[in-house]
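Report on one structure; see the data block that follows.
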Amino acid sequence: MITKFLRYQYKNGIHFYIFYTLGVTFIGVWAYYSENVKVQPEEMPKIAVLWLLWIISLMSAIVYHLVRWNKMFKSSERFLLLSSCKLKPEVLLFGEIFYLILDLFLFSIWFNLLGAIVMTPEKYISLLTLVIKKVDVDDFYLIVISIFFFSAVYFWYLTGIVYWNTLKNFSQWGSYMSLVFILLAYFHISLSEFIARTNLSDSIKLTCLFLTNFLIFTALIIFNLKMLKKGLDT
């Protein structure tokens, strides 16, 4: 069922992928070969321009998913999709999460292939290996922290959309609950920042961040499943 859901979603958003990917690809190739594009500091290779576009594309994919997720609940498709007796809350939720992960994976493959094409595979692999070797423990720690941070933002927005379109419609305390919801999300981010600022070793901090986010994400998933069940039942 999740496979059918993913196939339906990709078919539904095919125009976005075609125009966005082609557009960013043309910009990347032009920027790499253009003499007018300067990368600071000067010793950095122009391939950094492609990596910047890659990060922007990953962020755009996340925004696209959140906008489409919200639109799905408000469009006429909602009644056709949510009225399916075969569609269960876990299929809808985990299908959406897997859909985003698959998008990020495909974007990553595409931009690395683009780098290999404009530079030749041997030169690109050697450059990538050089960058990986220069990543020390602190840089790796910042990368992991960034993944945790953006995952937290994504999960809270995803949950907020589900809450806004289900529970809020059935509760007279909807406005007050929205404020509580925002405060809880702020507390989650602040807690992660507090753990990152402690004087503990990096391994202990990463373990604490992983366990904290795992517990909060589990709670958010349970909340989402209950709210989606409420929406499917109505």
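The values are calculated or read from the model by the stated rules, or taken from the named source; none is laboratory data. All figures in this text were calculated on a predicted structure; none of them were measured in a lab. Reconstructed Cβ throughout: ideal geometry from the backbone, glycine too, with neighbour counts over all protein chains shown.
Test A219 against the stated conditions and say whether it is within 19 Å of the chain's Cα centre (by Cα) and in a helix (DSSP H, G or I). Break it down stepwise before answering.
Working: within 19 Å of the chain's Cα centre (by Cα): yes; in a helix (DSSP H, G or I): yes.
It is true that A219 is within 19 Å of the chain's Cα centre (by Cα) and in a helix (DSSP H, G or I).
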### Task
Would you check if L206 is out of contact with any Pro (no Cβ under 9 Å at 6 or more places or on another chain), farther than 21 Å from M59 by Cα, modelled with pLDDT under 85 and assigned to a helix (DSSP H, G or I)?
no
